[in-house]
Amino acid sequence: MAVKILSDIHGEYDALVEQLKRDDIAVLLGDYLNLIDFRTQGGILAKVYSQEEVQKALDATAGDDRELARRRIRAVIGGSAEKNKQIRDLAEESYEEFFSCLPCKCFMLYGNTDGPDVMDQFAGGKNELVESGVVMIEGERFGMVSGAPRGPWSVGLPGEMKTERYDAHVTSLGPVDVLCTHYPPAVGRLTWDTVANRDEAGSEALLEYIKEHNPSRHYFGHVHNPKVSTLMFGGTRMINAGLFKEHKTALIHPAPA
């Protein structure tokens with residue numbers, strides 16, 4: 001039995017199953033759908049839109065014009081009612097596959113690319129979807145916060161929320177032993193994506209929470225290619241759980257301090 005931490009699965013469900021055993025407890029930090037693979041241009045959006053439309057959106061995210069990037073991405077994820085229905089249907093199929101393959105007890109957050117309302121249809125039983133709150137795992141208090149506050153690269157994804165709402169979720173936790181979020185704290189070396197060549201900003205509320213409550217570890221994801229994946233901040237080990245879609249390896253809690 002082990003407590004395992006995973007993030008940014010992005011459709012790699014077969015690899016996920018190989019990492020989990022029936023007696024494990026998994027903490028999943030969000031972004032389960034493969035909306036679009038930046039390397040191969042595969043994924044849900046590629047089944048609904050043309051390669052040219054998808055490529056234009058991806059090209060825009062690589063530039064410095066954030067407004068252009070937002071417009072082009074919104075054109076892809078917020079198109080006609082017919083295309084939106086196609087995307088939702090494909091998302092439901094993917095979530096059904098994801099939930100059905102999980103072999104163990106899972107506490108799961110939703111990420112910015114996830115649809116919490118769709119996930120709710122399949123959660124239950126051994127799979128517990130946590131928007132925000134505290135759960136006990138092997139005698140430790142795990143504080144959990146889903147989603148991401150709207151930031152400089154927000155495009156209206158279903159897992160994004162107003163900063164005020166996100167901050168309220170964070171401050172409502174109170175003291176915990178372990179903090180688990182999808183979004184990172186506002187620490188530059190953790191939030192800069194070296195491949196996308198941009199700063200994902202991070203949450204000031206998370207940073208202030210860590211300063212006040214000093215959890216032993218903070219596990220998060222979201223940033224696929226950070227400058228550093230872990231560092232000490234006061235008495236807290238901050239740990240990017242990594243892009244599971246790429247490395248296909250679960251972290252074992254407690255990760256080394």
Simple label model, 7 Å out from Cα along Cβ direction - Glu246 to Glu212, nm: 3.4
Amide proton proximity set for Asn127, modelled H, under 5 Å, gap of 5+: Cys106
Peptides ranked, highest mean first, by Cβ atoms within 10 Å: ranges 147-159, 9-21, 188-200: 147-159, 9-21, 188-200
Dipole of the stretch 119-257, positive direction: furthest Cα of Thr249, Ile210, Phe142, with charges on the beta-carbon: Thr249
Helical contribution to [θ] at 222 nm, DSSP H n ≥ 4, -39,500 (n - 2.57), averaged over the chain, rounded to 500: -10000 deg cm²/dmol
Spacing of the two label points (7 Å from each Cα toward its C-beta) at Asp117 and Asp23, in nm: 4.2
Under-5 Å amide H pairs with Gly133, H placed in peptide plane, nonlocal only: Met144
Degrees, to the nearest 10: 51-61 long Cα axis against longest axis of the chain: 50
Degrees separating the helix 204-213 axis from the principal Cα axis of the chain, which is the longest one: 10
Chain lengthening between Glu97 and Glu53 when straightened (0.36 nm per residue, less Cα-Cα): 13.1 nm
On Cα atoms only, tilt of 81-101 relative to the major axis of the chain in degrees: 40
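Rule-based calculations on the coordinates, nothing more; no lab input. Worth saying up front: this structure is predicted, and the values here are computed from it rather than measured. Cβ sites come from the backbone with ideal geometry, for glycine too, and all protein chains shown count toward neighbours.
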